[in-house]
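Trainee: I'd like to ask some things about the structure below.
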Amino acid sequence: MARLQIDAVTKRFGATDAVREVSLDIADGEFMVLLGPSGCGKSTLLRLIAGLETPTSGRVLLDGRDITGSAPQQRDLAMVFQSYALYPHLTVERNIAFPLRARRRSRAEIAERVAEVAAALELTPLLRRRPAALSGGQRQRVALARAMVRDPGAFLMDEPLSNLDAKLRSATRAELIALHRRLGATFLYVTHDQVEAMTMATRIALFEDGRLAQVGPPEELYDRPRSTFVAGFLGAPPMNLLSATVTERDGRLRVVAEGLDGALGIAGAHGDVAVTVGVRPERLRVVAERGALRGRVTMVENLGSEELLHVDLGGQSVCARVARPAAVRPGDAVELDAAPADLHLFDPDSGLRLS
Ligand code: ATP
């Protein structure tokens, strides 16, 4: 069992508020990803949970027990770092056994447990090697094995895949998902990589400048972002954000933007207010007849299976992700359309979602 509760935690370093009044309830068995740009406070929060930092205010609870003041080794948590922090002079076997030796477990118990964990992570053939003779992915698995060997209630991981190349990263992502399923343990995982967050998390906690911008399942953050920050952080390329006005024309509410030769029909909005309209690149379609948005193609990026069309709409630019070949070239006039249900409206001042 490992339920983690972060209760109004703040961490100040001199004049920097790294974490500001963050409250987060992580259920037993969750795969929670702490996501956000560099410097937003996600590593600090993880370190506060691990006991490597002490909060300026607030509490950390593990299964209802206040552990705010407990030493790291007294917490039933295992931390896996980006650098793996393996002992270079020890074999893989000794590295994995280290936490059990430190706790003076019996030789038989250590041997049994190391064999079990090594088998689970397919490290058995590598037990006699030293870290220098391993690939990045293998080292990463040894670091995980060392964390697993104690059978902790929760795993805390800080960017554990960032040293791997793209192919290995994707394979290790799949391994971590399977491992989480098999162990049923609580995973708390820090990354700035939205693909890792989208593919692995049961819930994402997205940070903005020390605060939580939104917490929820990946689809919820993607489909109903609470703010322009969330909308812009998830998705590659990110959601298009356009300055516009919601107005009534011909008895219908429409979103119109200055300089746009077209309008996007929308239901259930308010009349004549300034808004920021969001639309995901993959929700824009190129249409043959008159579309809602008319513009000129400025650039075409070939992604292999699809193309990214960069379109200037008379001052504002959007990106559309379309099937290949789109049969348009830079300089061509193009008509784009989107379904009203695919439009997101935000308050232009606060950036918060309106509908
Ligand atoms: P990254 O992805 O770059 O690691 P992060 O989101 O994990 O970023 P943190 O490492 O938590 O961010 O840092 C949050 C803020 O706190 C930053 O402004 C950072 O400079 C500051 N900070 C972190 N640790 C310390 C420290 N020990 N002393 C002073 N400032 C710190």
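Trainee: Considering only segment 221-236, state which residues are aliphatic (A, V, I, L, M) and within 20 Å of Leu309 (Cα to Cα).
Mentor: Once the filter is applied, which keeps residues that are aliphatic (A, V, I, L, M) and within 20 Å of Leu309 (Cα to Cα), segment 221-236 yields Ala231, Leu234, Ala236.
Each row is one residue, and each column tells you yes or no for (1) surrounded by 15 or more Cβ atoms within 10 Å (Cβ to Cβ); (2) touching a residue at least 60 places away in the same chain (Cβ under 8 Å).
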residue	(1), (2)
Arg296	yes, no
Leu303	no, no
Ala339	no, no
Pro348	yes, yes
Ser355	no, yes
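Trainee: Among the residues of segment 170-200, which ones are outside any strand (DSSP E or B) and within 16 Å of the ligand (Cβ to nearest atom)?
Mentor: His192, Asp193, Gln194, Val195, Glu196, Ala197
Trainee: Moving on to the next point. Pick from Arg59, Arg75: which is more than 9 Å from the ligand (Cβ to nearest atom), at pLDDT below 95 and charged (D, E, K, R)?
Mentor: Step by step, each of Arg59, Arg75 is checked, and only Arg75 is more than 9 Å from the ligand (Cβ to nearest atom), at pLDDT below 95 and charged (D, E, K, R).
Trainee: Please specify each residue of segment 20-40 satisfying the condition of being closer than 17 Å to Met79 by Cβ and within 12 Å of the ligand (Cβ to nearest atom).
Mentor: Leu34
Trainee: Output the number of residues of segment 90-108 satisfying the condition of being over 21 Å from Gln74 (Cβ atoms), in a helix (DSSP H, G or I) and either more than 34 Å from the chain's Cα centre (by Cα) or not assigned by TED's automatic domain parsing to the domain that holds Arg128 (or both).
Mentor: The number of residues fulfilling the criteria is 2.
Trainee: Of all residues in segment 1-22, count the ones that are in contact (Cβ under 8 Å) with a residue 60 or more places away in the chain and either surrounded by fewer than 13 Cβ atoms within 10 Å (Cβ to Cβ) or under 13 Å from Ala213 (Cβ atoms) (or both).
Mentor: 3
Trainee: Exactly one of these conditions fails for Thr172: (1) closer than 27 Å to Ala236 by Cα; (2) at pLDDT 85 or above; (3) among the hydroxyl-bearing types (Ser, Thr, Tyr). Give me its number.
Mentor: Among (1) closer than 27 Å to Ala236 by Cα; (2) at pLDDT 85 or above; (3) among the hydroxyl-bearing types (Ser, Thr, Tyr), Thr172 violates only (2).
Trainee: Could I ask something else about it? Run Phe155 past the list (1) part of a helix (DSSP H, G or I); (2) touching a helix residue (DSSP H, G or I) at 6+ places or on another chain (Cβ under 7 Å) and report the number of the one that doesn't hold.
Mentor: Failed condition: (1).
Trainee: Kindly state which strands (runs of 3 or more DSSP E) lie completely within segment 282-355 and contain at least 3 residues that are more than 22 Å from Glu220 (Cα to Cα).
Mentor: 293-302, 306-312, 317-323, 333-337
The values are calculated or read from the model by the stated rules, or taken from the named source; none is laboratory data. A quick note: this is a predicted structure, and the numbers were derived from the prediction, not measured. Ideal geometry is used to build each Cβ from the backbone, glycine not excepted, and the neighbour counts take in all protein chains shown.
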